[in-house]
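Below is one structure, written out as structure tokens; comments come after it.
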Amino acid sequence: MSRNHRLFRQYPLNGKATISTGEVPTPYHIYDGYGALIGGTADLSAVQQLLKKEVVVPVDNGDGRTFMGIWICNFTEASLGPHHELQFSFFSGGRTNGEPTSHALDLLALMTDPGAKMLCHGLWNSTPHVVAYNRELLSLNARLANSHIRNGAGQLEFTFEDEATRQPLISGTFPNCTRFSMRAAWDATGQIGLRRVWTMARQPWVSLKILNPTGVLLARNAVAESFTRNDVNLVRYFDPATDKLEFGDTPYASLGFEPHFVQYMRGFKFVYLEPH
């Protein structure tokens, strides 16, 4: 069973906390689910303006662009119950800022860098319980969404709408990916490096440092450790001919986002520790 995975034995539900919706176990566990990461770049100056209240500095790709990720997730089994998630993320640290990047999979390479950090800037979840947990314990700017995610009939479909404002957030339709694109696999190995790919393959899970935005609970960009293990990871290049992505009325719609790849994740296992 997913709950018996080594990851959850290493980081068990060994705590409890009381939030506005009741008592919850800690840390945050995802036992199963699926989703997609849409990775690409956005206009650096627009992102800097969006993040002007943050201490963290977004990566400068050297060409007026910075990395941006959009996460669409359906967590079917979790310590807080099943729920959906939409996340808009930016990145800092890692390789030297200003070093020119030119490859569509550079973000994947950055996410394997131990010095990289991901700022979870925009976050929507589909249940009040999860929203309260993320806001009150993890200092994330979580808001409630009406959402639909369907993975079937050969494609992944999703729509998210802000519950409070009734404004559309994002929607899309992607053909399902049944195998790793050979071109993307070869290119990813070239970007990440064969030695690091081999090291990652031998690791029981992938770790990533996540930053919260300031002003929700904490007045600083604190670091939270996260650990992920997926049964299936498939990557392919974004194809405008078949991939449909539409922004709603959000600040993220005006950042000039250019999608470069789609990473499909199945058998999602995840642990998120409290920030420090």
Scope region 16-29; condition buried (at least 20 other Cβ atoms within 10 Å of the Cβ) and assigned to a strand (DSSP E or B); matching residues: VAL24, TYR28, HIS29
Residue check for LEU13: touching a strand residue (DSSP E or B) at 6+ places or on another chain (Cβ under 6 Å) and either touching a residue at least 40 places away in the same chain (Cβ under 8 Å) or part of a strand (DSSP E or B) (or both): yes
HIS148 at pLDDT 95 or above and surrounded by fewer than 21 Cβ atoms within 10 Å (Cβ to Cβ): yes
Hits in region 24-68 (condition: among the β-branched types (Val, Ile, Thr), under 30 Å from ASP231 (Cβ atoms) and touching a residue at least 60 places away in the same chain (Cβ under 8 Å)): VAL24, THR26, ILE30, ILE38, THR41
Failed condition for VAL47, given (1) part of a helix (DSSP H, G or I); (2) out of contact with any strand residue (DSSP E or B) (no Cβ under 8 Å at 6 or more places or on another chain): (2)
Count of region 159-173 residues which are in a loop (DSSP other than H, G, I, E, B) and of a type outside the set (D, E, K, R): 3
Failed item in (1) in a strand (DSSP E or B); (2) more than 29 Å from PHE158 (Cβ to Cβ), with ASP32 passing the rest: (2)
So PHE261, is it within 21 Å of VAL47 (Cβ to Cβ), buried (at least 20 other Cβ atoms within 10 Å of the Cβ) and under 18 Å from the mean Cα position of the chain (by Cα): yes
Inter-residue pairs, beta-carbon under 6 Å, first in contact (Cβ under 8 Å) with a residue 60 or more places away in the chain and in region 149-176, second loosely packed, with under 15 Cβ neighbours inside 10 Å and of a type in the set (D, E, K, R), 6+ apart: GLN167/ASP249; SER171/GLU246; GLY172/LYS244; THR173/LYS244
Counted residues, region 228-258 - those being assigned to a strand (DSSP E or B), modelled with pLDDT of 95 or more and crowded, with 20+ Cβ neighbours inside 10 Å: 0
Subset of region 60-84 [at pLDDT below 95 and farther than 15 Å from GLU258 by Cα]: ASP60, GLY62
Residue selected from region 94-119 under the condition at pLDDT 90 or above and not in a loop (DSSP other than H, G, I, E, B), by the criterion farthest from ILE149 (Cα to Cα): ALA116
Filtered residues of region 246-258 (kept if over 13 Å from PHE88 (Cα atoms) and either free of Cβ contacts under 8 Å to residues at least 40 places away in the same chain or touching a Gly at 6+ places or on another chain (Cβ under 8 Å) (or both)): GLU246, GLU258
Filter result for PHE160 (touching a Phe, Trp or Tyr at 6+ places or on another chain (Cβ under 9 Å), under 17 Å from GLU225 (Cα atoms) and surrounded by 20 or more Cβ atoms within 10 Å (Cβ to Cβ)): no
Residues satisfying the stated conditions in region 67-97, i.e. over 16 Å from the mean Cα position of the chain (by Cα), among the hydroxyl-bearing types (Ser, Thr, Tyr) and more than 21 Å from TYR28 (Cα to Cα): THR96
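The values are calculated or read from the model by the stated rules, or taken from the named source; none is laboratory data. This structure is a prediction, so every number in the text was calculated from the model and none was measured. Backbone-built Cβ (ideal geometry, glycine too); neighbour counts: all protein chains shown.
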